1. Name every residue in the range A:10-21 that is free of Cβ contacts under 8 Å to residues at least 24 places away in the same chain and more than 10 Å from chain B (Cβ to nearest Cβ), in order of residue number.
2. Among the listed residues B:SER11, B:SER49, B:SER64, which satisfies the condition of being modelled with pLDDT under 95 and more than 7 Å from chain A (Cβ to nearest Cβ)?
3. Find the residue count for the range A:23-60, including only residues that are at the interface with chain B (Cβ under 10 Å from one of its Cβ atoms), part of a helix (DSSP H, G or I), more than 15 Å from B:LEU33 (Cα to Cα) and open to solvent by 60 Å² or more (accessible area, probe 1.4 Å).
4. Quick check on my filter: what residues within the range A:79-131 are of a type in the set (S, T, N, Q), touching a residue at least 12 places away in the same chain (Cβ under 8 Å) and open to solvent by less than 40 Å² (accessible area, probe 1.4 Å)?
5. Taking the range B:45-66 as the region of interest, how many residues are over 16 Å from A:ILE43 (Cβ atoms), in a helix (DSSP H, G or I) and not aliphatic (A, V, I, L, M)?
6. What tally of residues in the range B:20-41 results from selecting those that are farther than 17 Å from A:GLN45 by Cα and either touching a residue at least 12 places away in the same chain (Cβ under 8 Å) or in contact with a strand residue (DSSP E or B) (Cβ under 8 Å, 6 or more places away or on another chain) (or both)?
7. Could we say that B:ILE69 is closer than 21 Å to A:GLU119 by Cα, part of a helix (DSSP H, G or I), open to solvent by less than 20 Å² (accessible area, probe 1.4 Å) and of a type outside the set (Lys, Arg) here?
Amino acid sequence: MEWLLEEILAKYNYWISITIMLIGFYAMIAKDNLIKKLVGLSIFQTAIFLFFISLADIGPIPRGTAPIVSEAMMHKGYVYVNPLPHVLILTAIVVSVATLAVALALVIRMYEEYGTIEETEIIEEERELGV
Amino acid sequence: MIIPIDLILLSLVVVLAIVAITVRDLLSAIMLLSAYSFLMAMVWVEMHSVDVAFTEAAVGAGASTAFLIAALSRTVRWEKK
């Protein structure tokens, strides 16, 4: 039983990543306001970034350094964290802000059309219009 | 990975995420999301991924907050319920 507890505590980055992911997912499903849903979407995306960056990290012994190679580092046998997930996540951050911008443009357009940004009110109005 | 700093920052991140989706004022929610992104950038500096950290600080905490506030100025500030 002790090894299980140790295993859970040693990988707390992943547990927190899953917690944040579920917080964002809850906001996307349960909140009525469209901008609140987008805040939830941002939180959800950040959880996935945290998961990937945790994969790249090297544990306490030996400690990894930032992936910048120098002469002095190479001769002293330092290790550095894996730079590949960093590059993937760099792209994902830029994509996430583009997604947010498009979604906000759609929210503004819906507000001009329906006069509200609450999801249930929009659905009611659509039902009255017979869409 | 410096364990105590990492754990403290990540706990703060979870608290900020919960508060950001609970608060009723949308402007407060956006500013809390900005603080959340900035704390996330600090977590990434601590995990030695500096390139991701400064992109997150510029794009996540800067640009997306500006976009959200711009969208809020065209719509309504308060969440109904």
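The values are calculated or read from the model by the stated rules, or taken from the named source; none is laboratory data. Keep in mind it's a predicted model, so treat the numbers as computed, not measured. We place every Cβ from the backbone using ideal geometry, glycine too, and count neighbours over all the protein chains shown. Protein only, heavy atoms only, side chains kept; ligands, DNA and RNA dropped before computing areas. Shrake-Rupley method; radii C 1.70, N 1.55, O 1.52, S 1.80 Å.
1. Hit for the range A:10-21 is A:LYS11, nothing else.
2. Values: B:SER49 fails: more than 7 Å from chain A (Cβ to nearest Cβ); B:SER64 fails: more than 7 Å from chain A (Cβ to nearest Cβ).
So the residue among B:SER11, B:SER49, B:SER64 that is modelled with pLDDT under 95 and more than 7 Å from chain A (Cβ to nearest Cβ) is B:SER11.
3. Within the range A:23-60, residues that are at the interface with chain B (Cβ under 10 Å from one of its Cβ atoms), part of a helix (DSSP H, G or I), more than 15 Å from B:LEU33 (Cα to Cα) and open to solvent by 60 Å² or more (accessible area, probe 1.4 Å) number 2.
4. Looking only at the range A:79-131, we keep the residues that are of a type in the set (S, T, N, Q), and these are A:82, A:91, A:96, A:99, A:116, A:120.
Now drop any that are not touching a residue at least 12 places away in the same chain (Cβ under 8 Å), which leaves A:82, A:96, A:99, A:120.
Listed by number, the list holds a single entry, A:SER96.
5. If we filter the range B:45-66 for residues that are over 16 Å from A:ILE43 (Cβ atoms), which is where we start, we get B:45-55, B:57-58, B:62-63, B:66.
Next, from what is left, pick out any that are in a helix (DSSP H, G or I): B:45-46, B:50-55, B:57-58, B:62-63, B:66.
Now drop any that are not not aliphatic (A, V, I, L, M), which leaves B:46, B:51, B:54-55, B:62.
Residues in the range B:45-66 being over 16 Å from A:ILE43 (Cβ atoms), in a helix (DSSP H, G or I) and not aliphatic (A, V, I, L, M): 5 in total.
6. Applying the first criterion (farther than 17 Å from A:GLN45 by Cα) to the range B:20-41 yields B:22-28, B:31.
Pick out the ones that are also either touching a residue at least 12 places away in the same chain (Cβ under 8 Å) or in contact with a strand residue (DSSP E or B) (Cβ under 8 Å, 6 or more places away or on another chain) (or both) and you get B:24-27, B:31.
Counting residues in the range B:20-41 that are farther than 17 Å from A:GLN45 by Cα and either touching a residue at least 12 places away in the same chain (Cβ under 8 Å) or in contact with a strand residue (DSSP E or B) (Cβ under 8 Å, 6 or more places away or on another chain) (or both) gives 5.
7. Details: closer than 21 Å to A:GLU119 by Cα: yes; part of a helix (DSSP H, G or I): yes; open to solvent by less than 20 Å² (accessible area, probe 1.4 Å): no; of a type outside the set (Lys, Arg): yes.
No; evaluated as a whole, the condition is false for this residue.
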